Amino acid sequence: QVQLEESGGGLVQAGDSLRLSCASSGRTFYTNCMGWFRQAPGKERESVAVVSDDSTYYADSVKGRFTISRDNAKNTVYLQMNSLKPEDTGVYYCAATNGYTRYCNTGPYDYWGQGTQVTVSS
């Protein structure tokens, strides 16, 4: 079984930065896609940033402010969030595909973490 665990969320003010981390544990698995998703209150979950073996994809709303990175050896993914805005508030989930997935920006994603809360006050 594969577990993903997020950390690094919190309450910050607009303009601040946060760095989220997602570590995997359990059985060893291969994945070429890892990503961060978020769900704001009353809204559907949306893709924030995903990373494949050689590419990254960002939602338009976070381009230039967020940076996704990964440690392939550890199946760990990070999200550096700068210039945070109140509209970035939500629960952030990390996810990974099981095996090779051709289009990381669409998935499907098979493994999900429990989520970490990010709250940005104005």
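The values are calculated or read from the model by the stated rules, or taken from the named source; none is laboratory data. Bear in mind the structure is a predicted one, so any value in this text is a computation, not a measurement. We place every Cβ from the backbone using ideal geometry, glycine too, and count neighbours over all the protein chains shown. These accessible areas exclude ligands, DNA and RNA; they are computed on the full protein's heavy atoms, side chains included. Shrake-Rupley method; radii C 1.70, N 1.55, O 1.52, S 1.80 Å.
Heavy atoms of the protein chains alone define the surface here; on that basis the chain has 53 Å² accessible area per residue at 1.4 Å probe size.
Per residue, the convex hull spanned by the Cα atoms of segment 29-89 measures out at 90 cubic angstrom. For segment 12-69, the share of accessible area belonging to carbon and sulfur comes to 44 percent (1.4 Å probe, ligands and nucleic acids excluded). Take every pair of alpha-carbon atoms less than 8 Å apart whose residues are at least six positions apart; their mean separation over the length of the chain yields a relative contact order of 36 percent. In loop segments of segment 31-116 as defined by DSSP, the GluC sites (Glu not before Pro) with at most 16 further C-beta atoms inside 10 Å of their C-beta are Glu44.
Hey, which lysines would be in cross-link range of Lys63, C-alpha to C-alpha under 16 Å, not counting anything within fewer than 8 residues on its own chain? Within reach: Lys85. The GNM of the chain, with springs linking C-alpha atoms under 10 angstrom apart, assigns the highest mean-square fluctuation among Ser83, Ser24, Ser61 to Ser61.
With the simple spin-label model, which puts each label point 7 Å out from Cα in the Cβ direction, the Asp54 to Ala14 separation comes to 4.1 nm.
Largest GNM mean-square fluctuation across Gly42, Gly90, Gly99, computed for the chain with C-alpha springs under 10 Å, falls on Gly42. The charge dipole of the chain, taken about its Cα centre with unit charges on the Cβ atoms of Lys, Arg (+1), Asp and Glu (-1) only, comes to about 40 debye.
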